[in-house]
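J.: Dropping a structure here in structure tokens format, bear with me for questions.
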Amino acid sequence: MHSTTMSSRQQANRCETTVGTADILGSEALIRRRKLGLICSQKCPGDVILKAYDFARLVRGSGLALVSGFHSPIERDCLSILLRGSDPIIIVQAHKLSTSRLPMEWQSAVDAGRLLLLSPFGKKEKRVTKELATKRNRFVASIADEVLIPYAAPGSKTEALALEFLGAGKCVYTFDSGASTSLSSQGAVVMSAESLSSHCKAGFRSAKLTDAAYNKS
């Protein structure tokens with residue numbers, strides 16, 4: 001991603017989500033789209049990294065909204081791939097909404113109506129902390145229809161969050177890798193990057209009528 005930045009030309013607003021109000025910059029309509037959450041541990045095995053890149057590339061063109069903090073290295077790399085497509089993206093920030101000095105790629109996507117910056121945090125939360133990052137990831141999983149966790153390190157907060165949502169009945173996906181054993185044993189759906197991208201495209205096509213009707217209301 002290029003380092004060149006610019007200030008946003010749009011005004012921040014507030015919107016309602018399924019888990020409360022949030023500050024946003026961009027098209028509020030993206031909140032109502034079918035969403036896949038993306039959450040990944042900071043470090044993960046090499047084969048999982050490649051599968052995540054493949055998925056980000058293959059899912060482009062589905063129209064599915066990807067929602068994530070896009071903070072861990074894998075999440076950030078996937079964001080770069082997704083920005084080269086045309087699908088909706090929702091970035092959930094782990095601090096108060098920051099709209100100044102946006103990367104040019106972000107601003108262009110905001111102007112095109114396909115990128116939404118969102119923060120459920122107040123003005124006092126100015127910097128990312130481990131606690132806020134955990135709350136942010138919980139928010140991502142809560143507003144997403146389904147969640148992809150390419151890798152959750154054993155004993156990590158990502159693993160704890162995955163198990164929490166699996167226990168609550170949320171559909172959680174992970175990739176077919178020996179590293180995914182802990183999640184798959186607890187009920188996560190194991191899929192290849194190719195199969196998951198196809199599933200997402202099929203799922204979005206079935207939801208198109210609903211989304212279109214909602215956006216006209």
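Throughout, read-outs are computed from the coordinates displayed, never taken from laboratory work. Everything numeric in this text was worked out from a predicted model, so none of it was measured. Note that each Cβ is placed from the backbone with ideal geometry, even for glycine, and that neighbours are counted across all protein chains shown.
Yes/no matrix, rows are residues, columns are (1) surrounded by fewer than 23 Cβ atoms within 10 Å (Cβ to Cβ); (2) small (G, A, S); (3) farther than 21 Å from N137 by Cα:
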site	(1), (2), (3)
G37	no, yes, no
P45	yes, no, no
L50	yes, no, yes
D54	yes, no, yes
V67	no, no, no
C78	no, no, no
G85	yes, yes, yes
H95	yes, no, no
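J.: If you don't mind, there's one more thing I want to ask. Give the number of residues within segment 53-81 that are among the hydroxyl-bearing types (S, T, Y), touching a Ser or Thr at 6+ places or on another chain (Cβ under 8 Å) and touching a residue at least 40 places away in the same chain (Cβ under 8 Å).
T.: 1
J.: Which residue, of L83, L58, L64, L115, is more than 19 Å from T17 (Cα to Cα), touching a strand residue (DSSP E or B) at 6+ places or on another chain (Cβ under 8 Å) and among the aliphatic types (A, V, I, L, M)? Step through it out loud before you land on a result.
T.: Numbers: L58 fails: touching a strand residue (DSSP E or B) at 6+ places or on another chain (Cβ under 8 Å); L64 fails: more than 19 Å from T17 (Cα to Cα); L115 fails: more than 19 Å from T17 (Cα to Cα).
The conditions single out L83.
J.: When the residues of segment 142-164 are filtered to those that are hydrophobic (A, V, I, L, M, F, W, C) and buried (at least 23 other Cβ atoms within 10 Å of the Cβ), which remaining residue is farthest from K51 (Cα to Cα)?
T.: It comes out as A144.
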